[in-house]
Amino acid sequence: MPILFNGPSWDAGIDPTGRNWFLLGDMPGDNAQIALIVRTLNWPFVRKRPVFKTRDLRPLHGFCVPRRRVHVDASQKLAPPWPDLILTSGGHPSIAALRVKEQSGGRTKLVVIGRPPRNLQDFDLVIVPTHADVPTLPNILKLNVPLREFNREDLTDAVEVWKNYFEALPRPLTVLVIGGSRHPFRLNERIVSRVVAKASKLSTDGTLIVVPSRHTPDPVRMALPAILPPNVKFFAWTPNLLSNPYFALLGIADRFIVTGDNISMMMEIAAIGQPLAIAPLPLSRAPWIQLAQVLERYWGGAGARELGFWSWSKQMLHESGFGPFAHDLNGFHSYLLEQGMAVRLGDPFPLHPAPFPDGLDQSVARIRSLMGKELATDGETL
């Protein structure tokens, strides 16, 4: 499913001083968040894309990996003069950033968007959404929602392509967006069938439209046509915007239902102020996930938080490499529900959803404070 927010263009950036680097990762959404900060800072940046050896792109359990992971010949040059500031995101680009900081004698400041696998204390600033399960530290900035920039031009263009088709359908138009089996949830044909049944009850007087995403498992995607009632409109996922109506539906549909794994879709819908319902998903049956939920309930009360035992235990697991930083997706659901930006599937849709918050100004202010001054804006920026 395409992301309805501005992405950066990757033509060569110009920074005569070389004081600031933007290390690109492999996830377009992560790069778009950093590009948004770069444009808002209005400082000159050099964009560099470190390339990593394919055999070394396995899960990271810490930053004990030397620069052998970097494909030196294929990467843009990471060499002196070392920068004052690096912005990056993702585990592997963070390794490259830490290597640069080491080579600079610790002078280079590192800002990472999203949660690195470990070694949080080695970064000067880590910007994460509140639902990222990371400890509270002086160098951690927790935002209520991830950074995103809304692009209304994409929405307007898509509506023009699809409006004649959708405006002919009975109202209200209810869109069910199917995600995938993201930790700690599971999603299969039987679970999707239950979600579709609940969504169908809300659409007896209108039209239900079902749209899977790029993350929907293939067995679920292939089973959907047989699961859906005959009056439901179904669109198979495709990266081609001319045959994928998702953008258009954001501007035409009346309300949305999103499976609980799909944070990006929830953010997009909430950002444009559309009525949103969250379809909860069952937890994975993996024993470590079940154990984590039990411990969270047991130690997560007010008294335990004051003692800090559960937070301390998780931090020890993180530092030892046995416990990765997780996402508290249920906590994110709770935030949207409490703020009036969403309801649970089955509850009445909000007529006037609460406005979507913006953490961009807060992020930029922390980076400016970290650097101690506003750098000159000579040179080309994103």
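Some notes on this structure:
- Label positions at Ser369 and Arg344, each projected 7 Å from the Cα along the C-beta direction, are separated by 3.7 nm.
- Qualifying trypsin sites (Lys or Arg not before Pro) in the stretch 78-126, DSSP loop, other Cβ atoms within 10 Å at most 14: Arg107
- Where labels lie 7 Å past Cα in the beta-carbon direction, separation of Lys77 and Asn42 in nm: 3.1
- Ranked Ile367, Ile191, criterion: other C-beta atoms within 10 Å, fewest first: Ile191, Ile367
- Distance between modelled label sites at Asp205 and Asp218, nm, 7 Å Cα→Cβ extension: 4.3
- Each residue in Ile278, Ile269 was given a count of other beta-carbon atoms within 10 angstrom of its own, and listing them fewest first yields Ile278, Ile269.
- Label point 7 Å beyond Cα of Asp254 along Cβ direction - residues of the stretch 186-207 with amide nitrogen under 12 Å: 202-207
- Residues whose placed amide H lies under 5 Å from that of Asn144, excluding near-sequence neighbours: Thr130
- With a Förster radius of 30 Å applied to the C-beta separation of Ser243 and Glu189, the computed FRET efficiency comes to 0.80.
- Between the beta carbons of Asp358 and Leu337, assuming R0 = 22 Å, the FRET efficiency works out to 0.65 to the nearest 0.05.
- Stretchable slack from Asn144 to Gln103, in nm (0.36 nm times residue separation minus alpha-carbon distance): 11.3 nm
- Centroid-to-centroid separation of the stretch 98-134 and the stretch 189-266 [C-alpha atoms, Å]: 37
- One decimal place: the segment Leu351-Ala168 gains 63.6 nm when fully extended, by the rule 0.36 nm per residue minus the C-alpha distance.
- Which listed pairs, of Lys163/Lys201; Lys48/Lys77; Lys198/Lys233, have C-alpha distances above 19 Å, in listed order: Lys163/Lys201
All of the numbers you see were taken from the coordinates with simple rules; none came from a lab. Please read these numbers as outputs of a predicted model, since none were measured by experiment. Ideal geometry is used to build each Cβ from the backbone, glycine not excepted, and the neighbour counts take in all protein chains shown.
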